[in-house]
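To keep things clear, I will list the structure first and then write my remarks on it.
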Amino acid sequence: MALFYYNYIMSAHFVLGRHKFTNGPIHIKSVNPENKHDFICLDCGKQLTCVLNVSADTKHFKHRTLTCNATSETLLHITVKEIIAQNSKIKLPDGLEFEYVEVLLEKKWDKYKPDITLKSNDKTLFVEVIVSNPISWDKELTFSKKMQDCLIIDLSYYLRDFDVEQLKLDVLEGKDLKRMIYGFKKGISHSKNANDKTDLLKLLGFGIGGYLLYKYFQPTPIRKRKYRRR
Ligand SMILES: [Zn+2]
């Protein structure tokens, strides 16, 4: 796939648009005069004008009317949601993967709309993508109180001039930009089980080791003592 870049320039000008036919985000650099009518806004879906008749660095998309409020942050937010929606597993901060079979965007939950709701066969994981506004304390508290696990992906300080393939890796396979809000006294079932299994194996190992050590060392002094008594 070609490399796409976001540019942090004036909010009315974007370097990312959506191709009408492939439905994917595309960088203005990949647009040529023949297909310049094929792009719409990632946010509002309206037709975009491609401004190509300028130097390579300043090529951009722009709206034909001033009715769209999209910013570079909005487009980053949308792109991250699409990356997650188009895949089926995501790495959690503890390094384990959460596999999901259903993705719901902006689905209402309580009085909130988590950015993404991921469902595995037996577990729901919310995902919040932070680009400009931090997650509110009451929302965070509600996740905990209602025992809902939430993965926070914080892109507040993410370099805005980036490559979309790298963004995909960071979102799906990275750990650095992520943290978890665990539901009260309850972790993600996948990681929880895995940890439990590891703990159990360790415990079993120590148990067997301890028993062998006991068997090896313990009988000797008893025998010696018995011999001494004779
Ligand atoms: Zn728009």
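Data overview
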quantity	calculated
Meets criteria (within 29 Å of ASN23 (Cα to Cα) and surrounded by fewer than 13 Cβ atoms within 10 Å (Cβ to Cβ)) for SER88	no
First in segment 33-48 and of a type in the set (D, E, K, R), second anywhere and within 11 Å of the ligand (Cβ to nearest atom), Cβ under 6 Å, 6 or more apart	ASP43/ALA70; ASP43/THR74
SER156 being in contact with a strand residue (DSSP E or B) (Cβ under 7 Å, 6 or more places away or on another chain), in a helix (DSSP H, G or I) and polar (S, T, N, Q)	no
Test: residue in segment 105-123 that is surrounded by fewer than 17 Cβ atoms within 10 Å (Cβ to Cβ) and touching a residue at least 40 places away in the same chain (Cβ under 8 Å)	yes
Count of segment 136-157 residues which are closer than 18 Å to ILE78 by Cβ and surrounded by fewer than 18 Cβ atoms within 10 Å (Cβ to Cβ)	2
Flag for THR71 being under 25 Å from SER156 (Cα atoms), within 16 Å of the ligand (Cβ to nearest atom) and hydroxyl-bearing (Ser, Thr, Tyr)	yes
Count - residues of segment 101-158 that are more than 21 Å from ASP176 (Cα to Cα) and among the hydrophobic types (A, V, I, L, M, F, W, C)	9
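Residues are listed down the side, and each one gets a yes or a no for (1) modelled with pLDDT of 90 or more; (2) in contact with a strand residue (DSSP E or B) (Cβ under 6 Å, 6 or more places away or on another chain); (3) at negative phi:
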| site | (1), (2), (3) |
| --- | --- |
| LEU76 | no, no, yes |
| LEU96 | yes, no, yes |
| GLU102 | yes, yes, yes |
| VAL164 | no, no, yes |
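The values are calculated or read from the model by the stated rules, or taken from the named source; none is laboratory data. Keep in mind that what you see is a predicted model, and the values were worked out from it rather than measured. No Cβ is skipped: glycine too gets one built from the backbone with ideal geometry, and neighbour counts run over all protein chains shown.
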